[in-house]
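*Asks:* Pasting a structure below so you can have a look.
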Amino acid sequence: MNHQIDRKRFERAYRYMLTARILDERLAQLYRGGNVYGGVFLGKGQEALSVSVGISLDKGDVFAPLIRDGAGRLAFGETILDALRNCLGSPLGPMRARDGNVHRGKPREGYIPMISHLGANISVVNGALMAKRMKGETKQIGAACIGDGATSTGAFHEALNQAAIEKLPLLLVIANNQYAYSTPTSAQFACKELSLKAQGYGVSTHDVDGTDLKACMTTLEKAAALARAGEGPQLIVAELLRLCGHGEHDDAQYISPKIKASKVGRDCMDEAKKTLLKEYQYPEKDLDQWTTETTDEINQAIRQVQQEGGPDPFTHNWKALATRELCEPLGSSTL
Amino acid sequence: MSITYLEAIREAQAYLLRNDPSVYIYGQDVGAFGGAFKATKNLAKEFPGRVIDAPISEDAMVGSAVGAAIEGMRPIIEMQFADFSTVGFNQVVNQAATLFWRTEVPCPLTLRLPSGGTSGGGPFHSQCLESIYARFPGLIVCTPATVEDAYSMLIESVMLNDPVIFCEHKYLYFHLKADSLPQEALPIGKARIAREGRDMTIVTYSAMLHECLEAAAEMAQDGAEIEVVDLRTVKPIDTDTIIASVARTGRLLCVAEEWPWGGVNAEVISRVVAEGFNLLDAPPQRINAKDTPIPYHPDLWSVHRPTAQSIVATARQLLRN
């Protein structure tokens, strides 16, 4: 069923996945060593889907990734340095230490930073696409990523319906990773398949095996082409398993061994590696070399960010409005 | 020629649509129908593609406005009633209000909230929610009380590079008329002395301004000179103008249609007590609506919110203190 994915494109996708995976592993180590403020949230098991979204987008498109989209973020153009700066609280990071970990983005570049309220960024992408249309920019598309849990929110339903009414070029990508924190899908929805939710709104759907990079790339490329061609919003549902806890504070003991042993529990990295070696005939030493190079690059970036230090609360610009003269004076009643 | 408060809002939007291609209006029934109150009457026809009907999805309406603002647009979102904005609350306070702080990318959007009670409105078509929004950093909250302010403050709100909660009062839509639209205006953030006096300061805003002016006129017959301050903007509050007025009068009464717990009255009194305690000749007082949901029947509603009568009664008591 897969159409042929170009060898170089597959390699590119794999290397983003690899970078995301190593970055995650290093962040987990830093977290365990007490070197991270707040939580660490990994994308283990979701890299194939995530990178396929990011790699399907062009400059000028809009991307609202979620928690487990490290690979997609890199593919959309995020640098390792920006990712690390945000996770380690550097004032030089994209959120300038005002928000951390996976809450990062560069709205001016179409990269929408997530808030913690699930489903809330879908309509933000809708609005960006409506704006582009009003400005006469009709070639761009947008993608919003969510998990199975977010499909229960009102924001999801309102935004999906809105995108359908406005016929927006939206890719709404659901990583059905079987658990929303500890809640299994049986307690999250009662429909047979999540894609049924989109059909109710008149939205086209695509189901894909989220552990299969090639299938993910094929599906996302097709969906993106449809959206770009004016076919309206496309909902993509990928079946996969989160291969870690919700965050590194969570040992994920609730994940059923049966699911782990099933096809959905496969590690997309292992599967992609097999494809590289067998189908695309890459020598194993190439893959080893990529791992070494990427690890070195990440370690160097970590050292740099750690040397940058944290924000200075005394010189920090404590203004919540762009119109500075309309900010309430600080502690006005305490002088 | 005379123009109503509601027509001023429509005219302000027409002006904005005419003069700035980044402005558009999105809300339920705002298109060909012209809005539940006709605040967008004929605008869809005059500005094709820029006055857009929304589904009944307040969350998505506000969320999309944030996305459009990021893209450089200046959306005006019409909530059919302020009461329904609670359905879009998350997008307002967590998305719009935090965007600039998080990213240094401005979020210029204006949320129009048809606010406040009218006879027969009942619990879900009468609410005043200005303090709920004022509570959150990153928002500006306007509460125009006059036709002139409805016009000039709406234009200024849309041109600001921040999210503005524009609380327009439904009671004033048809009741209030002016001879013409203003050529110049006080900026957002500045309060206005609506009536000068030296015996007491009443601080108020929105529809309550007119109850307070009526009360002040009645008390003038007894020789009491009441100064009335129209806040115009409740976030930020123009503390300087309030303190200067209290310095002249020595007495403070705050009047608001919203519920009593916390809110604008509490904030004003807190500031005056903290920054101008020595200026006070008597304990400051406040009048709000009763702490119940808003009643439907006109006889109940007429005593639920502050009125000129209840303001006069409290003000007289305060003058005796």
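The values are calculated or read from the model by the stated rules, or taken from the named source; none is laboratory data. No experiment lies behind these values; they were computed from the predicted model shown. Here Cβ is always computed from backbone atoms with ideal geometry, including for glycine, and neighbour counts include all displayed protein chains. Heads up: the accessible areas ignore ligands, DNA and RNA and are worked out on the full protein's heavy atoms, side chains in. Shrake-Rupley method; radii C 1.70, N 1.55, O 1.52, S 1.80 Å.
*Asks:* Within the P(r) computed for chain A, what percentage of the Cα pairs occupies the region above 28 Å?
*Replies:* That tail contains 42 percent of the Cα-Cα pairs.
*Asks:* Right, something else. In whole percent, and with a 1.4 Å probe on the protein chains, what portion of the accessible area of region B:192-320 is carbon and sulfur?
*Replies:* C and S atoms contribute 51 percent here.
*Asks:* Tell me the per residue accessible area of chain B using a 1.4 Å probe; a whole number in Å² is fine.
*Replies:* Computed with neighbouring chains in place, this is 37 Å² per residue.
*Asks:* For region A:181-332, compute Rh as the Kirkwood radius over C-alpha pairs and then the Stokes-Einstein diffusion coefficient at 37 °C and 0.692 mPa s; write the answer in µm²/s, rounded to an integer.
*Replies:* Estimated via Stokes-Einstein, D reaches 158 µm²/s.
*Asks:* Also, quick follow-up: Please report, for the Cα atoms of region A:256-335, the Rg to one decimal and the Dmax as a whole number; what are they, in angstrom?
*Replies:* Both quantities, over Cα of region A:256-335: 25.3, 71 Å.
*Asks:* Residues of A:314-320, mean number of Cβ from any other protein chain within 10 Å of their own Cβ, rounded to a whole number?
*Replies:* 3
*Asks:* Let me ask something else. What are the residues of region B:151-186 that lose 30 Å² or more of accessible area, with a 1.4 Å probe, going from their chain alone to all protein chains?
*Replies:* B:162
*Asks:* Sort A:167-178, A:285-296 by the packing proxy (mean of other Cβ within 10 Å over each peptide's residues), most packed first.
*Replies:* Ranked by mean Cβ neighbours within 10 Å, highest first: A:167-178, A:285-296.
*Asks:* At the nearest 100 Å², what buried accessible area, both sides summed, do you get for A and B when the probe is 1.4 Å?
*Replies:* 3900
*Asks:* For chain B, what size does the Cα cloud have along each of its three principal axes, sorted from largest down, in whole Å?
*Replies:* The principal-axis extents, from largest down, are 59, 41, 39 Å.
*Asks:* Also, quick follow-up: When only alpha-carbon atoms are used, what values of Rg and Dmax, in angstrom, describe the protein assembly as shown?
*Replies:* Considering the protein assembly as shown through its Cα atoms, Rg and Dmax are 28.0, 99 Å.
*Asks:* What is the packing order of peptides A:305-313, A:138-146, taking the mean over residues of other C-beta atoms within 10 Å and listing the highest first?
*Replies:* Going from most to least packed, we get A:138-146, A:305-313.
*Asks:* Under the Kirkwood approximation for Rh and a Cα-based Rg, what ratio Rg/Rh is obtained for region B:185-302?
*Replies:* Taking Rg over the Kirkwood Rh, I get 0.97.
*Asks:* Run the accessible area of chain A with a 1.4 Å probe and give the carbon-and-sulfur part as a rounded percent.
*Replies:* 51
*Asks:* Separate question: Find the percent of Cα-Cα distances in region A:1-83 that exceed 19 Å, and round it to a whole number.
*Replies:* 39
*Asks:* Using only Cα atoms, locate the centre of region B:242-294 and the centre of region A:79-142, then give the distance between them in Å, rounded to an integer.
*Replies:* Going from one Cα centre to the other spans 42 Å.
*Asks:* From other protein chains only, count the Cβ atoms within 10 Å of every residue's Cβ in B:68-78, then give the mean.
*Replies:* 5
*Asks:* Counting only DSSP beta bridges with both residues in region B:192-320, tell me the antiparallel percent, nearest 5.
*Replies:* 20
*Asks:* Still on this structure: For region A:108-239, with every protein chain kept in place, what is the accessible area per residue (1.4 Å probe, Å²)?
*Replies:* Accessible surface, normalised per residue, equals 34 Å².
*Asks:* Count, for each residue of B:103-112, the Cβ atoms from other chains sitting within 10 Å of its Cβ, then give me the mean as a whole number.
*Replies:* 4
*Asks:* Right, another one. What do the square roots of 5 times the Cα gyration tensor eigenvalues come to for region B:3-178, in whole Å, largest first, as semi-axes of the equivalent ellipsoid?
*Replies:* Semi-axis lengths for region B:3-178 are 22, 19, 15 Å.
*Asks:* Here's another thing I want to ask about it. Output the residues of region B:215-251 meeting this criterion: accessible area (heavy atoms, 1.4 Å probe) in the chain alone minus accessible area with all protein chains in place is 50 Å² or greater.
*Replies:* Residues meeting the cut-off: B:236.
*Asks:* Quote the charge dipole size of region B:192-320 about the Cα centre in Debye, to the nearest 20; the model charges only the Cβ of Lys and Arg (+1) and of Asp and Glu (-1).
*Replies:* 160
*Asks:* Now, a different point. Quick one: work out the % antiparallel among DSSP beta bridges in the protein assembly as shown, nearest 5.
*Replies:* 15
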